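The values are calculated or read from the model by the stated rules, or taken from the named source; none is laboratory data. Just so it is clear, the structure is predicted and the values come from calculations on it, not from any experiment. Ideal geometry is used to build each Cβ from the backbone, glycine not excepted, and the neighbour counts take in all protein chains shown. Please note that ligands, DNA and RNA were not included when accessible areas were found on the heavy atoms of the full protein model with its side chains. Shrake-Rupley method; radii C 1.70, N 1.55, O 1.52, S 1.80 Å.
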Amino acid sequence: MNRQLNEDYFNRVEAIEFSVKYDDGRDPRGIEKADIVLVGVSRTSKTPLSIYLANKNVKVANIPLFPESKPPKEIFTIAPERIIGLVNSPKKLNEVRKERLKTLGLPPSASYAGMERILEELEYADQDHETDRLRNHRRFEQSDRRNRRPHPALHGCHEYQPQATIT
């Protein structure tokens, strides 16, 4: 039993290190190695969900979607079932982004939190990106998740990784 616990522990550590290394699109080479790839605009909880899943031994890469950058080519080489899109309402994104700006000491009036920018990003994230690859992934609408879990995206993750037990 001790050996099993050690194996599980090291697998979890490996998954956490993987998820940190491939957070926020830092290195697109992780996309093909990941069990699951989360995509979405800024402030849709990609990183927290990545770390949560990594604690369940799931290797996760996450990719931000925004108009100034095309999705990495590697995203088009993996099965759409491994891609999970996270979305949120424009109103909620506006609230969350204003809070983020406040914690960074920036004015909440910055374009990042503006409704026009948010709608532009959401429209971009919903576009065809050269193929229908990103349109065929599973999408999960978020609501206010504070003090509640699990994230709605977790309900489908085990379908992609049967060896991972997600509770």
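Solvent exposure of Leu106, expressed as accessible area, is near 90 Å², computed with a probe of 1.4 Å over the protein chains only.
Against the criterion of solvent-accessible heavy-atom surface with a 1.4 angstrom probe, Arg82, Arg29, Arg97 sort, most first, into Arg29, Arg82, Arg97.
Remark on region 12-59: Rg and Dmax equal 9.6, 27 Å (Cα only).
The alpha-carbon positions of region 1-118 define a convex hull whose volume is 124 Å³ per residue.
Of the residues Lys33, Lys98, Lys73, ranked by 1.4 Å probe accessible area with the largest first, the sequence reads Lys73, Lys33, Lys98. For Glu14, the solvent-accessible surface computed with a 1.4 Å probe is close to 90 Å², ligands and nucleic acids excluded. Backbone phi angles across region 25-33, fed through the Karplus curve with coefficients 6.51, -1.76 and 1.60 (θ = phi - 60°), yield HN-Hα couplings of x, 4, 9, x, 5, x, 4, 6, 8 Hz in residue order; Gly and Pro are listed as x. Local charge sum around Leu101 (other residues, Cβ-Cβ under 13 Å, Lys/Arg +1, Asp/Glu -1)? With Lys, Arg at +1 and Asp, Glu at -1, the net is +4.
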